Amino acid sequence: MTSRRRSAKRTFGEISKLPSGRFRARFTGPDLNRHSARTTFVARIDAEAWLVAQERAISRGEWSPPVRQVAEAPQQRPPTLSEYAATVIGRRRLRPATLALYEKLLRLAITPTFGDRQPSEISVAEVTAWYRSMNATPTQQANAYGLLKSILKDAVEDGLIATNPCRVKAGGQKTRAREIEVLSVEQLAAYLEAVPEARRVPLLLAGWCGLRSGEVRALRVRDLDLDAGVVRVRQGVVRLAGQLLIGPPKTTAGVRDVTIPPHLVPSLREWQRRQPTRGRDALLFPAGDGVSPLNDSVLREAHDKGKAAIGMPGLTIHGLRHTSATLAAQLGATVAELQARIGHSTPNMAMRYQHVAADRDAQLAARMSQLATGNDWTPQSPPRARRPRESSRKREQSELPGMDD
């Protein structure tokens with residue numbers, strides 16, 4: 001209510017609160033052009049003070065357009081994109097792996113084209129041409145575009161530019177080369193039977209509980225709680241500059257407790273009983289030295305034997321995670337339940353898993369008829385459900401869209 005009253009009383013300029021929580025001040029000058037403060041403000045009162053100063057300068061005949069002001073004070077020149085990107089990334093709280101990715105994208109894809117340009121000098125046509133020049137590398141194309149768009153979004157909020165020149169529709173969306181590949185319960189059992197026994201439990205947790213490879217390899221002894229019947233995900237292993245590091249999951253949604261299917265608990269207890277005594281903070285699946293994280297290549301070697309046994313050469317370890325999520329969807333898990341179980345911060349991927357379980361509605365309808373009549377009914381196969389289309393706004397909510405998987 002207070003902000004509405006202030007807006008109603010204001011006769012010169014306007015103040016708007018940005019998604020970042022900062023305030024932007026703008027006004028129409030004597031030259032009939034719209035001008036914004038060169039920076040945003042932490043407090044509304046600071047934005048008010050800036051507008052008051054501009055209004056006084058106009059009334060005294062001392063005001064000049066911002067372009068002239070910059071010319072008269074060259075030391076205040078706007079930053080280049082490289083300089084501004086360093087500022088933007090420096091004020092974000094990023095995981096080491098994300099920071100390394102951003103630095104790589106800037107070095108290889110963004111800086112060579114736009115690094116020495118000021119954000120206000122970058123046009124829509126130039127961004128579109130730059131985007132299309134990366135068609136041969138679609139993953140880097142999507143990631144680099146998403147990063148550039150997020151940097152220039154901050155430039156808009158900071159008053160450096162009026163609009164964001166990144167206008168490529170769904171530019172930050174990555175296309176997938178193939179559909180989700182999942183196992184049946186029988187295939188999963190055969191796969192695990194063929195996996196070397198020393199690596200069976202980590203792959204079992206990936207297939208039945210939907211854990212990522214890095215999450216499995218970062219589990220501590222305390223995280224496998226068989227009395228409660230849960231596995232607690234609190235961190236993950238990432239490879240950075242050739243080293244394996246353990247850190248928090250990439251999103252807060254990744255921190256979760258996943259219930260273990262009860263039929264697995266007895267065999268996990270037997271496996272646990274045979275393990276050497278280790279402290280609660282020790283890694284559950286360490287490397288050969290008993291201390292370091294297990295290398296992802298070691299898990300892949302075991303996985304290769306399992307996928308060969310069931311004749312699925314294209315199956316990845318991540319495919320085991322897809323299997324767990326699809327089974328949950330087929331058993332009626334809601335989007336929210338899937339998000340919580342697989343650790344996604346947005347519902348997009350969870351909705352994809354529900355798509356593969358689209359025939360469940362026909363099964364539910366058949367059960368209703370069975371309840372009403374006492375007879376068995378064979379459900380009609382429904383037409384193939386179309387994958388829900390996401391709005392471009394939702395696709396680009398994250399800094400680098402499509403990385404939540």
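Some notes on this structure:
- Restricting the stretch 250-274 to residues that are within 21 Å of the chain's Cα centre (by Cα) and of a type in the set (D, E, K, R), the residue that is surrounded by the fewest Cβ atoms within 10 Å (Cβ to Cβ): ASP257
- Which listed residue, of VAL335, VAL298, is at pLDDT 80 or above and out of contact with any helix residue (DSSP H, G or I) (no Cβ under 6 Å at 6 or more places or on another chain): VAL298
- For ILE161, the test of being more than 27 Å from GLY229 (Cβ to Cβ) and part of a helix (DSSP H, G or I) is failed.
- Number of residues in the stretch 282-300 that are more than 26 Å from ARG222 (Cβ to Cβ) and either small (Gly, Ala, Ser) or in contact (Cβ under 8 Å) with a residue 40 or more places away in the chain (or both) equals 1.
- Taking the listed residues LEU327, LEU299, LEU315, the one that is part of a loop (DSSP other than H, G, I, E, B), surrounded by 20 or more Cβ atoms within 10 Å (Cβ to Cβ) and in the same structural domain as ARG200 (by TED's automatic domain parsing) is LEU315, with no other qualifying.
- Any hit, the stretch 150-165, residues being surrounded by 12 or more Cβ atoms within 10 Å (Cβ to Cβ), more than 21 Å from ARG24 (Cα to Cα) and not assigned by TED's automatic domain parsing to the domain that holds PRO249: no
- Total residues in the stretch 120-132 satisfying the condition of being charged (D, E, K, R) and without any contact (Cβ under 8 Å) to a residue 12 or more places away in the chain: the figure is 2.
- Among the residues making up the stretch 1-23, those that are hydrophobic (A, V, I, L, M, F, W, C) and at pLDDT 65 or above are PHE12, ILE15, LEU18, PHE23.
Yes or no, residue by residue, for (1) touching a helix residue (DSSP H, G or I) at 6+ places or on another chain (Cβ under 8 Å); (2) in contact (Cβ under 8 Å) with a residue 12 or more places away in the chain; (3) under 21 Å from PRO79 (Cα atoms):
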| site | (1), (2), (3) |
| --- | --- |
| ASN135 | yes, no, no |
| PRO138 | no, yes, no |
| ALA142 | no, yes, no |
| TYR145 | yes, yes, yes |
| LEU152 | yes, yes, yes |
| ALA162 | yes, yes, yes |
| VAL168 | yes, yes, no |
| GLY172 | yes, yes, no |
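- Enumeration of residues in the stretch 93-119 that are basic (Lys, Arg) and without any contact (Cβ under 8 Å) to a residue 24 or more places away in the chain: ARG93, LYS104, ARG107
- Any hit, the stretch 207-225, residues being closer than 30 Å to ALA308 by Cβ and modelled with pLDDT under 90: no
- Qualifying residue in the stretch 232-249 (condition: within 20 Å of HIS318 (Cβ to Cβ), surrounded by fewer than 20 Cβ atoms within 10 Å (Cβ to Cβ) and small (Gly, Ala, Ser)): yes
- Residues that are at pLDDT below 85 and acidic (Asp, Glu) within the stretch 63-94 comprise just one, GLU72.
The values are calculated or read from the model by the stated rules, or taken from the named source; none is laboratory data. It should be emphasised that the depicted structure is a prediction, and the values quoted were computed from it without experimental measurement. No Cβ is skipped: glycine too gets one built from the backbone with ideal geometry, and neighbour counts run over all protein chains shown.
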